[in-house]
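Step one of this worksheet: look at the structure below.
Please treat every number below as a calculation from the coordinates, not as lab data. Being a predicted model, the structure only gives us computed values, none of them experimental. Virtual Cβ from ideal backbone geometry, glycine too; neighbours counted across all protein chains shown.
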2 protein chains.
Amino acid sequence: MNRVYNFSAGPSMLPLEVLKKAQEELLCYGGSGMSVMEMSHRSSDFEAILHSAEASLRELMKIPDNYKVLFLQGGASTQFAAVPLNLLSEHKCADYIISGQFSKKAFTEAKKYGDVAVAASSAGASPTFSTVPETTRADFRPDADYVHICFNNTIYGTKFHYIPDTGNIPLVADMSSCILSEPVDVSRFGLIYAGAQKNVAPAGLTIVIVREDLIGKAMSETPAMLDYKLMADNDSMYNTPPCFCIYMAKLVFDWLLSIGGLEEMKRRNEKKASLLYDYLDSQKFYTATVDRKCRSMMNVVFTTASDELDKKFCAEAAAAGLKNLKGHRSVGGMRASIYNAMPYEGVVALVDFMKKFEMENPRLD
Amino acid sequence: MNRVYNFSAGPSMLPLEVLKKAQEELLCYGGSGMSVMEMSHRSSDFEAILHSAEASLRELMKIPDNYKVLFLQGGASTQFAAVPLNLLSEHKCADYIISGQFSKKAFTEAKKYGDVAVAASSAGASPTFSTVPETTRADFRPDADYVHICFNNTIYGTKFHYIPDTGNIPLVADMSSCILSEPVDVSRFGLIYAGAQKNVAPAGLTIVIVREDLIGKAMSETPAMLDYKLMADNDSMYNTPPCFCIYMAKLVFDWLLSIGGLEEMKRRNEKKASLLYDYLDSQKFYTATVDRKCRSMMNVVFTTASDELDKKFCAEAAAAGLKNLKGHRSVGGMRASIYNAMPYEGVVALVDFMKKFEMENPRLD
């Protein structure tokens, strides 16, 4: 077995300890005589896994008691519909901050269900979406049922460097690519959702953290499986949940607690991101195109002087065991996704490779 | 490791060979240097897994070329909404055959979206749902956009012993608890859907097989993730699919092909079910309550003379390594779910235990 450093934007690396534990238990979990994959979701063994996962997530994120934690399916893309279907409850209007492709998708989906407007956008930034919009309370309609943001923009390598002040309007955040990367004040949000496949578990699990007063007002045409109240009332077990993904999430939560929680995770993530950004800022062969104040700690976007050189970089990096560094097709260049499970040594190896590549490919200008 | 015989109704047993293969590859798939759980869904390795899974499923079920195969999330319960949202396209009316709790749930959900009626029901059978309704073409409204059935009723241990004749009206079948248990003529159905957690893969994957002419007419308020056209146009990769479940499904499909496909699977399932039903029919200590002509090959429901004895049976069976034999709370008694992955030896062990239990607990009458 020869493991690589996998810089994929998602699905992405899982902690090696977690994978080893899952491997060890794959044919027989504890004294159950069966794999977690074979377990009835109504069994006491699985219920213990589910409750432990929720308890650990609450501890890690210091989730207040008046928030429900839901373990769902369908990814963030399903939440793009579930959020308006559940939350467009009073004035049937909501405001969206556009900071990239996923917030645009969320906005387009929400338009099916009510009066949905763009409150601010960084689409016009040069290069496109290289920053996030600055907003003040005045940017939002006072009767908006909620304001929506995408907190970390995987494709563009940006992150909100501030939490928008929306006054009494609930703030809804897609945190798919930054959840659990650092502490966050959950009480500043009405609802947080995240696909699991970057920092939590294998693809197929979606986490929703929602303030209780926002539950129970879904539109009548809401599919049962998208109704937060039904999911909350049934402890995420209205139907069979994605049991194995929830088990993997539990192992990841336990790993995070074992290393010291989100403060320690933030310290490690800052150390990894600083190593890479400091190097990028110290030379001229590579360019980090993102507005400095909103650089993502998870997704680091950079380019060389030409598309051909970018291509050569990705191919040679892959051959050296540094995989999936190609930038998103809409942006080009390179993207190093350095989520929680990427070890510091992986970023060291990347920076070493970048230095070597520069030496071997001197600029002609 | 001491594996048990797990008679759970779902999630349920997976073939031991499949689990062992998954365990072996869990830290490193082929030469990729990573787990399938960590793989970008856009990588060539994962795309090969997805395409292989679809090709094997098409081969196993002999799926005609004019049907799309979709690998989705959300379980059958999500399809309860997706089916009417996509298929109530012309007359906005559909007919449901009620044969148990899941068909009732599907019916209730569909009522949100159109003129949905009960064409036939076995709710009144004694005991409840111990049979499936007989229907003729005259039972269905000529302008129905589709007719819906639940082909195997997990809770009650019944199965449709015939395919309803709906004329030109597309027949939609929930096959969650019988898919791949025997050959089925796909061309008789407009749409087949199934949660994976019984005969296919761990919970978190839903398979939809849909005739192409039924796609592309979804209602405007359909969430993107429930729109068959969007899913088909994007090869089930509109967003990140449940990659690991798809990989497990591929391993299960390959296992089915390796043993000889669905004809051989049917032979094995008949042998298992006959052993159990023949024993039940040969004695008087246990009662098989289901109408003989529609006995399920997957879920075998039986009782002793009293609730206390049922309880004792389940407890002692569990202690003997025969797990999860308790019947559904709405039915009581016992239920032995003997899906594809349950070996013949498991049913032999169950029948041996049943004989021993009868000897130890003689009837007093």
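Side notes on the structure shown:
- Share, in percent, of DSSP beta bridges within chain B that are antiparallel, nearest 5: 55 percent
- Remark: the range B:123-133, residue by residue, has Karplus-estimated 3J(HN,Hα) of 4, x, 4, 10, x, 3, 6, 7, 8, 10, x Hz, where x stands for each Gly or Pro and the curve is 6.51 cos²θ - 1.76 cosθ + 1.60 at θ = phi - 60°.
- Shape category assigned to the range B:1-80 from the gyration tensor of Cα positions, a/c cut at 1.5: oblate
- Computed over neighbours whose Cβ is under 11 Å from that of residue A:326, the net charge equals +4, Lys and Arg +1, Asp and Glu -1.
- Applying D = kT/(6 pi eta Rh) to the protein assembly as shown, where Rh is the Kirkwood radius over alpha-carbon pairs, T corresponds to 25 °C and eta to 0.890 mPa s, the Stokes-Einstein value obtained is 91 µm²/s.
- Inter-part distance where the range B:72-134 and the range A:6-65 are each reduced to a Cα centre, Å: 34 Å
- Whether the range A:271-365 is rounded, prolate or oblate, judged on the alpha carbon gyration tensor where a/c under 1.5 counts as rounded: rounded
- Here the range A:261-360 is assigned +1 on the Cβ of each Lys and Arg and -1 on the Cβ of each Asp and Glu. Its dipole about the Cα centre then comes out at about 240 debye.
- DSSP beta bridges in the range A:13-165 [antiparallel fraction, %, rounded to 5]: 20 percent
- For chain A, alpha-carbon Rg relative to the globular expectation (2.2 N^0.38 Å, N residues): 1.02
- Ranked list, fewest to most other Cβ atoms within 10 Å of each Cβ, for B:179, A:63: A:63, B:179
- Cα gyration tensor category, rounded, prolate or oblate, for the range B:325-365 with a/c compared to 1.5: oblate
- Estimated distance in nm for a label pair at residue A:186 and residue B:143, the labels positioned 7 Å out from Cα along Cα-to-Cβ: 5.1 nm
- Copy-to-copy label separations for residue B:59, where each label sits 7 Å from Cα toward Cβ, in nm and ascending: 4.8
- Label-to-label distance, nm, for residues given as residue B:62 and residue A:320 (7 Å Cα→Cβ offset): 5.6 nm
- Residue-averaged [θ]222 nm for chain B, counting only DSSP H segments that reach four residues, each worth -39500 (n - 2.57): -11000 deg cm²/dmol
- Rough spin-label spacing in nm, given labels placed 7 Å along Cα→Cβ, for residue B:281 and residue B:305: 2.4 nm
- Using only alpha carbons, the range A:207-365 has a radius of gyration to Kirkwood radius ratio (Rg to Rh) of 1.12.
- Radius, Kirkwood style, for the range B:132-268 when every pair of distinct Cα atoms is counted (Å): 16.6 Å
- Taking every DSSP bridge with both residues inside the protein assembly as shown, close to 55 percent are antiparallel.
- Size of electric dipole in the range A:17-258: Cβ of Lys, Arg +1 and of Asp, Glu -1, about Cα centre, debye, nearest 20: 500 debye
- Per-residue Cβ neighbour rank within 10 angstrom, fewest leading, B:165, A:227: B:165, A:227
- For residue B:108, inter-copy label distances in nm, listed shortest first [label point 7 Å out on the Cα-Cβ vector]: 3.5
- Estimated from the Cβ-Cβ distance and a Förster radius of 56 angstrom, the FRET efficiency linking residue B:351 and residue A:123 is about 0.25.
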